[in-house]
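Engineer: My questions will all concern the structure given below.
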Amino acid sequence: MPCAEIRLNERFSQLAMQHPCLGRALNKGRVHLPVSPACNIKCRFCTRGFNASEYRPGVTRQILSVEDVGETVKKALALCPQISVVGIAGPGDALASDHALRCFIRLHREFPELIGCMSTNGLMLPEYMDDIVRAGIRSVTVTVNAVEASLLSQIVERITLDGKSITGEDGAKALLTRQFQGIRRLAEKDVLVKINTVLIPQINGNHIDEIARAVAGQGASIINIIPLIPQGDFAHMEPPDCEQISQARADAEQYLPVFRHCQHCRADACGLLGENSMEDRLYQHISCENTFSHG
Ligand code: CLF
Ligand code: SF4
């Protein structure tokens, strides 16, 4: 069902007609390939895991090897021919290892008609800009949970950069600088940038308009507000209620179109958003590694 209220920048209108997470093409599907095991930052709400039962980001049945992605996409298309997007969204960060980019390069050759979509915390975007374009990735989601280091440091405990762990506001500042640089350069290269923001009422509840204003200024095209799932160090926190989510969306919408159909997908999701979860059938017979390190 098309969602007419979302109006993206004209240069991405063709992409929006084919991509289910841009609001206008909910009759299209996506397959996520869980190839990225590690992460290079530590968000306090993050709990990654292996299981088939939870429906949330950071969870997968298994890690898929780069060699298996072509076969997996073929099976996914057989199960759900409406799939138009192949996404990599974890279970760790897509740029903390080279797995995701190697997959996208392969898939761009084998399935040039599919849209490559990558989700990242943005820490390593500046390093991989040319590779992202070369791999045919056309949309990148960057998770931006605050644009002030004092707030971001309450959410991100540490980052790992050049082999060094950086904590507190220093880590948050470095992450923000790199996220902004990445967003700006992707937009300059005609890659659509979508922002995911986890709404954590106690920390960024009154900061959503600032986030949207700042990322719009760097060239982001659309924002998605994701309610906190209380887990990890934030297990004690209250998730936002409907009123808080509506207010956050209204705050963000002053600056950017807001995507409202997010399904908080697993790292191995497959099918149409919210309708036919095909991942059980997709990953049934695929042999995979089952190790990953929590970075
Ligand atoms: Fe996947 Fe994300 Fe690409 Fe979509 S999901 S990497 S942009 S193809 Fe979509 Fe799922 Fe919400 Fe993400 S519904 S969690 S916004
Ligand atoms: Fe978890 Fe993603 Fe944060 Fe990494 S960037 S710690 S995978 S939520």
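Engineer: Working carefully through the options R56, R44, R48, find the one that is within 30 Å of L161 (Cβ to Cβ), among the basic types (K, R) and out of contact with any Gly (no Cβ under 7 Å at 6 or more places or on another chain).
Structural biologist: Answer to the check: R56.
Engineer: Hey, another quick one. Got a number for residues in the range 231-254 being more than 28 Å from T60 (Cα to Cα) and within 20 Å of the chain's Cα centre (by Cα)? Break it down into steps so the answer makes sense when it comes.
Structural biologist: Of all residues in the range 231-254, those more than 28 Å from T60 (Cα to Cα) come to 243-244, 246-254.
Going one step further and asking which of them are within 20 Å of the chain's Cα centre (by Cα), we end up with 248-249, 252-253.
Of the residues in that region, 4 qualify.
Engineer: Could we say that A89 is within 13 Å of ligand 1 (Cβ to nearest atom), hydrophobic (A, V, I, L, M, F, W, C) and open to solvent by 20 Å² or more (accessible area, probe 1.4 Å) here?
Structural biologist: yes
Engineer: Right, R56: at pLDDT below 95, in contact with a Lys or Arg (Cβ under 9 Å, 6 or more places away or on another chain), open to solvent by less than 50 Å² (accessible area, probe 1.4 Å) and among the charged types (D, E, K, R) or not?
Structural biologist: yes
Engineer: Same structure again: Looking at this structure, is R185 open to solvent by 10 Å² or more (accessible area, probe 1.4 Å) and touching a residue at least 60 places away in the same chain (Cβ under 8 Å)?
Structural biologist: Taking the combined requirement at face value, the residue satisfies it.
Engineer: Being within 15 Å of ligand 2 (Cβ to nearest atom) and polar (S, T, N, Q) is the filter here; which residues of the range 111-143 pass it?
Structural biologist: Across the range 111-143, the qualifying residues are S119, T120, N121, T141, T143.
Engineer: Could you list, in sequence order, the residues of the range 62-97 that are more than 14 Å from C117 (Cα to Cα) and outside any helix (DSSP H, G or I)?
Structural biologist: Result: Q62, I63, L64, S65, C80, P81, Q82, P91, G92, A96, S97.
Engineer: Condition test on I203, is it more than 16 Å from ligand 1 (Cβ to nearest atom), modelled with pLDDT of 95 or more, of a type in the set (A, V, I, L, M, F, W, C) and at negative phi?
Structural biologist: Spelling it out, I203 is indeed more than 16 Å from ligand 1 (Cβ to nearest atom), modelled with pLDDT of 95 or more, of a type in the set (A, V, I, L, M, F, W, C) and at negative phi.
Engineer: Something else now. So which residues in the range 35-53 are touching a Cys at 6+ places or on another chain (Cβ under 7 Å) and surrounded by fewer than 19 Cβ atoms within 10 Å (Cβ to Cβ)?
Structural biologist: Passing the criteria: none in range.
Engineer: Would you mention how many residues in the range 61-86 are open to solvent by less than 40 Å² (accessible area, probe 1.4 Å), over 17 Å from G49 (Cα atoms) and aliphatic (A, V, I, L, M)?
Structural biologist: 7
The values are calculated or read from the model by the stated rules, or taken from the named source; none is laboratory data. Quick caveat, the model's predicted, so the values are computed rather than measured. Using ideal geometry, Cβ is built from the backbone for each residue, glycine included, and neighbour counts are taken over all protein chains shown. Side chains are part of the model used for accessible areas, which takes the heavy atoms of the whole protein and leaves out ligands, DNA and RNA. Shrake-Rupley method; radii C 1.70, N 1.55, O 1.52, S 1.80 Å.
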